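Remarks on the structure that follows.
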Amino acid sequence: MSDSRTPQPLQLPAADATRDWVETRTREGLDGVRALVEALRTSPPADALGVLRQWDEVTLRLSNVAAVGSLLSNVHPLEDVRTTCEQAEVAVDKLATELRQDRALYDVFAALDPAGLVAGAARLLDKTLRDFTRAGVDRDDATRARLTEINERLTTLGQDFSRNIRDDVRTVRVAPERLAGLPQDWLDSHPAGEDGLVAVTTDYPDAVPARMFAHDPDVRRDVTVAFQSRGYPRNEPLLTEMFALRHELATLVGYADWASYDAEVKMIKEGPAIPAFIDRIADAAAEPARRDLDVLLARYRQDVPDADALTAADASYYEELVRKEQLDVDAQLVRTYFDFTRVRQGLLDVTGRLFGVRYEPVDVPVWHEDVAVYDVFALDATAPLGRIYLDLHPREGKYKHAAQFTLADGVAGRQLAEGVLVCNFSRGLMEHDHVVTLFHEFGHLVHHVLGGGQEWTRFSGVATEWDFVEAPSQMLEEWAWDPEILGSFATNAAGEPIPADLVERMRTADDFGKGYQARTQMFYAAVSYWFHTDRPADLTSAMVALQEKYAPFPWIEGTHFFASFGHLGGYSSAYYTYMWSLVIAKDLFSAFDPANLFDPEVAGRYRDRVLAPGGSKDAADLVADFLGRPYTFDAYAAWLAR
């Protein structure tokens, strides 16, 4: 199955030829999978390693069809292409479910003798057998048939849920004079329409500045309500059905509930450990949260003297006022240093130096003219490690958040790792918050590429346990806060670098609110967990109850944030993973010297022991290999308390 030739990147078609290309790729890919599987059933290789290699080829071909479908259904400008790609995803999921429930196929693997297999192959065999049993291969025919129905319906529900969020862009129309406070470049790019009003959409480049800077509280509230109402009411019945089907699936294969089923393959291992972790973080954050909320409320009362609380509609605005007036950080001044084009190049320069790679732009067909493409090379190498695509600005029909998508999994000697960064940033000046987000998401991308040299598809790239995958990205955010690093690319219109003392004040200002932001994250994590375990009939009421228990800001009547909480699709009951990963990220970062973040010894060790192995080891072992000890809660607790 291996090939000594240098693998070549995938050649994408022209945008108007994509639909036929996807249909052909899907048909040929799945036909090839069926032929390989039939051979495994009827005349498998004589040795265990041969069986595993043939199965890995099945995995790779399924991955190739699924990856293209998932990416292009979220980014392609043509609706018919997006629909075709969604159909490809459905076809892959249906076939994958069939294979995992195929008793004859399972018997081939169950009969293998693992003696003599090297560690990677033995690990693959263990995980493959576990996949079969988790899919219900050992259940009776009626149960397996029902599991197939559930999986097919869950795929459709997930696509409908995501599509409703993606397509539900709401608009608040506002008189220009009511937008006082917003940055001038934003105002210049938002002229009034024929009705004399300015359109403020719920896309991030509109909604975030409006909520941060508009002096008019009614504008902030209207935009917040619109933003937190996306996907409602259409997504509520979809979610209710999704939670019920996930619970049924889990119980059919012997688990107490979906969270227990899902947690088994994560670092946390057990479903009930999730609410325990949520409460541990919430308790640790309680005092820092109260301290900063008191400051925020005191500032709010200067404008609203009789207020006893403020909501999320006003939180961002008053955070900015506190940071400006008390911590001497003006976000509008800060953003003048972050021109998108310079930030993008700075990101490539910083990560290239840190990870010992270089990026060479390539001119190849892409799905939209906004997309920039680079081949990634190890320094002094002539053969690329992989290819990255950067699709970083909003447009109609495109995924609305920020994420890394796989285009191709990297497998040594067979296929290059190719990943895509899909974000929604301004084309002009960026909030520093968005710069941090860009670094974060790029962390996933570089993990995908550097971890793409595996022998087995199953372990390629970001293939660790799901509650670890955010840790490398969260750690990379630290490089977007270093004064010297920012000074290398963050310059204003006059070419002056951002002052180091301003960056230090920004860091102090960013620490403001971290306690109540942690509580907010635990509110989201609680929604993610309890919606799946309790399966409430009234999602809004259940959300409000959890908000009262965990969140720092009260519910705004008429909002239904869960309807656009996209992580309920992919992360399901496991949104806790962001905070779990952050605990590990803080510990990973403790190995770096803040005075020398590019130390080649530490950076190289991190690259080689945490990123490059992909999923070939358990995440806890990767971390211990790098730190020289098991990870602890200590670094996170110290950061939260200070």
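The values are calculated or read from the model by the stated rules, or taken from the named source; none is laboratory data. These figures come from a predicted structure and were not determined experimentally. Neighbour counts run over all protein chains shown; Cβ positions are idealised from the backbone, glycine included. Surface areas here come from the heavy atoms of the whole protein model, side chains and all, with no ligands, DNA or RNA. Shrake-Rupley method; radii C 1.70, N 1.55, O 1.52, S 1.80 Å.
A few notes on this one:
- Helix 312-325 and the longest principal axis of the Cα set of the chain meet at an angle near 60°.
- With Cα atoms defining each centre, the stretch 562-641 and the stretch 14-88 are spaced 32 Å apart in the structure.
- Stokes-Einstein D in µm²/s, Kirkwood radius over Cα pairs - the stretch 244-365 at 25 °C with 0.890 mPa s viscosity: 122 µm²/s
- Annotation note: GluC sites (Glu not before Pro) in the stretch 318-372 located in DSSP loop regions with a Cβ neighbour count of at most 10 within 10 Å are GLU369.
- Local electrostatic count, ALA490, Cβ distance below 13 Å [Lys/Arg +1, Asp/Glu -1]: -3
- FRET efficiency for the ARG629 to ARG280 pair, using the beta carbon distance and R₀ = 25 Å, is estimated at 0.75.
- For the stretch 71-201, the spread of Cα positions along the three principal axes, ordered from largest to smallest, is 74, 36, 23 Å.
- Cα shape, the stretch 172-217, gyration tensor, a/c 1.5 rule: rounded
- Rh by Kirkwood over Cα pairs, then Stokes-Einstein D for the stretch 1-124 at 0.692 mPa s and 37 °C, µm²/s: 204 µm²/s
- Leading residue at positive end of dipole, the stretch 1-149 (Cβ point charges), from LEU95, VAL81, ALA110: ALA110
- For the chain, the alpha carbon positions stretch 78, 59, 55 Å along the principal axes, listed from largest to smallest.
- Across the stretch 270-412, C-alpha contacts under 8 Å between residues 6 or more apart give a mean separation that, scaled by the residue count, equals a relative contact order of 10 percent.
- Overall dimensions of the stretch 239-296, expressed as equivalent-ellipsoid semi-axes from the Cα gyration tensor (√(5λ), whole Å, largest first), are 33, 14, 7.
- Per-residue surface analysis assigns ARG27 an accessible area of about 120 Å², computed on protein heavy atoms at 1.4 Å probe radius.
- Estimated [θ] at 222 nm from DSSP helical runs (n ≥ 4, -39500 (n - 2.57)) normalised by residues in the chain, nearest 500: -18000 deg cm²/dmol
- Where both bridge residues fall in the chain, DSSP classifies roughly 75% of the beta bridges as antiparallel.
- Computed from the Kirkwood radius of its Cα pairs, the Stokes-Einstein diffusion coefficient for the stretch 29-97 at 4 °C and 1.567 mPa s stands at 100 µm²/s.
- For the stretch 416-461, alpha-carbon Rg and Dmax in angstrom: 13.6, 42
- Heavy-atom accessible area, probed at 1.4 angstrom with all protein chains present, ranks ASP206, ASP167 as ASP167, ASP206, highest first.
- For LEU321, the solvent-accessible surface with a 1.4 Å probe is about 30 Å², rounded to the nearest 10.
- Area accessible to solvent at TRP367, 1.4 Å probe radius, in Å²: 10 Å²
- Filtered chymotrypsin sites (Phe, Trp or Tyr not before Pro), the stretch 294-349: DSSP coil and at most 15 other beta carbons within 10 Å: none
- When each of LYS266/LYS617; LYS398/LYS586; LYS398/LYS617; LYS324/LYS514; LYS586/LYS617; LYS324/LYS549 is checked by Cα-Cα distance, pairs over 24 Å: LYS398/LYS586; LYS398/LYS617; LYS324/LYS549
- Its residue count N sets the reference 2.2 N^0.38 Å, and the alpha-carbon radius of gyration of the stretch 327-465 equals 1.10 times that reference.
- Ranked by solvent-accessible area (1.4 Å probe, protein heavy atoms only, all chains present), the residues VAL364, VAL334 order from largest to smallest as VAL364, VAL334.
- Normalised by the number of residues in the stretch 171-281, the mean separation of alpha-carbon contacts (under 8 Å, six or more apart) gives a relative contact order of 18 percent.
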